[in-house]
Amino acid sequence: MTERRRMRCLSSSFASRASRTAFAASAAVALYTAAGYGALLYAGMERAEACVVAALGGVLVAALAGRVVLRTEERERSRRIAQAQLESARERATAPAPPPSPAAAPAAAPTSRELRESREIQAALLPREVPGVDGYHIDVDYQPCGALGGDFYDFRAYEDGKVLVTLGDVSGKGPAGAIVMAMVQTLFRENVVRASGPADLLHRVNEGFRGALGKGVFVTALVGLLDPARNRVTLAGAGHHPVLLLNAGERRTTQIAPRGLALGLVGGGAFLNALVETTIDLSAGDSLLLYTDGATDSVAHVRAGVGENRFLAAAAAAVLPGPEGALERLREDLWQGGGRRDDTTLLLLARQGGPRVEAADRTSSAATA
């Protein structure tokens, strides 16, 4: 479905908004007037006076009802339009590039030295090491598809022991994706000191990012705040994939999808109203796996049509036996027999302790909830 058709469908779905509002207002007038008129007569007021008072009250109630209906539908309209824009932008990002015009002059390809220097600069933007947290195992595996990547991740450790984790995926690869990645990474680091929590941080970053680049450029992201004292993670997402909660005790993998729109599509209240923070309590032995879409897009698995399910099974088999070396096991399992089609980042937050799944039981541990 084209973007124009999407927008036309959304417009037609809201074309009857005025009639629905009028109906709600009329119903409010009728109900309030009838009830008020009866109550006033019962209280001993003359019929004419009761009629006037009830009618005025009915008009006031109708105005309030109409305003509530309009505001509710406007928020829903903004959410649907933003979702349609996200789907359209994803289609454009994954569509094959048109063939170059014969008259177009070929662009100069970057030299190996330029690519090497660019990759060194990009690597310097990423954390050099993961923070150490008592009772937790934190690990990350970052694999760009080419010389430069559009994924990013970051950590920030606080004096009270909490750790903030960010993970994101730019709509694009190569040099263009790397430039956007650096921009968004900088916005996160600038706003993290002022943000009151994960959702507020995403809102601040979106306000700085939206409109800075061309139409159709967006970023999906996750922000998680780990509180080791309470064994709790507060999570907010901006149009990103679900996270995986792997419970070794119950041998279960659960997908948790925080609500939110991708960065760069809409701003202000429309973006903020769509954000919903999610709280996850971690029991001993629980692991939380964050990932970008390259994890489900290996060439071999996409051809076989088992990308998402294959990833869930591989994640359970790699993580449930224990967090040490889990990401290496997962990487080897995912891309055996096929290369990557996109940048891939895997980030693991695991609470130590608890039971472990034996190697022989790994394949039966990938049930999803």
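The values are calculated or read from the model by the stated rules, or taken from the named source; none is laboratory data. As the structure is a prediction and not an experimental result, all values here were calculated from the model. Every residue, glycine as well, gets a Cβ built from its backbone with ideal geometry; the counts of neighbours run over all protein chains shown. Note: areas computed on protein heavy atoms with side chains; ligands, DNA, RNA excluded. Shrake-Rupley method; radii C 1.70, N 1.55, O 1.52, S 1.80 Å.
Can you tell me which residue in the range 177-197 is least open to solvent (accessible area, probe 1.4 Å), limited to those that are aliphatic (A, V, I, L, M) and free of Cβ contacts under 8 Å to residues at least 12 places away in the same chain? So, considering only residues that are aliphatic (A, V, I, L, M) and free of Cβ contacts under 8 Å to residues at least 12 places away in the same chain, the one least open to solvent (accessible area, probe 1.4 Å) is 195. The set of residues in the range 133-153 being at pLDDT 95 or above and in contact with a helix residue (DSSP H, G or I) (Cβ under 6 Å, 6 or more places away or on another chain) consists of 139 alone.
With respect to the stated conditions, residue 220 is touching an Asp or Glu at 6+ places or on another chain (Cβ under 6 Å) and of a type in the set (Val, Ile, Thr).
Kindly check whether there is at least one residue in the range 266-277 that is part of a loop (DSSP other than H, G, I, E, B), of a type in the set (A, V, I, L, M) and without any contact (Cβ under 8 Å) to a residue 40 or more places away in the chain. No: zero hits.
Number of residues in the range 243-254 that are open to solvent by 10 Å² or more (accessible area, probe 1.4 Å) and at pLDDT 95 or above equals 1.
Here the range 157-204 is the region considered, the condition is being β-branched (Val, Ile, Thr) and at pLDDT below 95, and the residue that is nearest to residue 350 (Cα to Cα) is 192. The number of residues in the range 162-176 being in contact with a Cys (Cβ under 8 Å, 6 or more places away or on another chain) and either open to solvent by less than 10 Å² (accessible area, probe 1.4 Å) or more than 24 Å from residue 295 (Cβ to Cβ) (or both) comes to 0. Considering only residues in the range 218-237 that are surrounded by fewer than 23 Cβ atoms within 10 Å (Cβ to Cβ) and touching a residue at least 60 places away in the same chain (Cβ under 8 Å), the one that is nearest to residue 293 (Cα to Cα) turns out to be 225.
Pull up the range 126-161, narrow it to residues that are within 19 Å of residue 201 (Cα to Cα) and not in a loop (DSSP other than H, G, I, E, B), then point me to the one that is most open to solvent (accessible area, probe 1.4 Å). Across the range 126-161, the extreme among qualifying residues is 156. Looking only at residues in the range 317-339 that are assigned to a loop (DSSP other than H, G, I, E, B) and surrounded by 13 or more Cβ atoms within 10 Å (Cβ to Cβ), the one that is modelled with the lowest pLDDT is 338.
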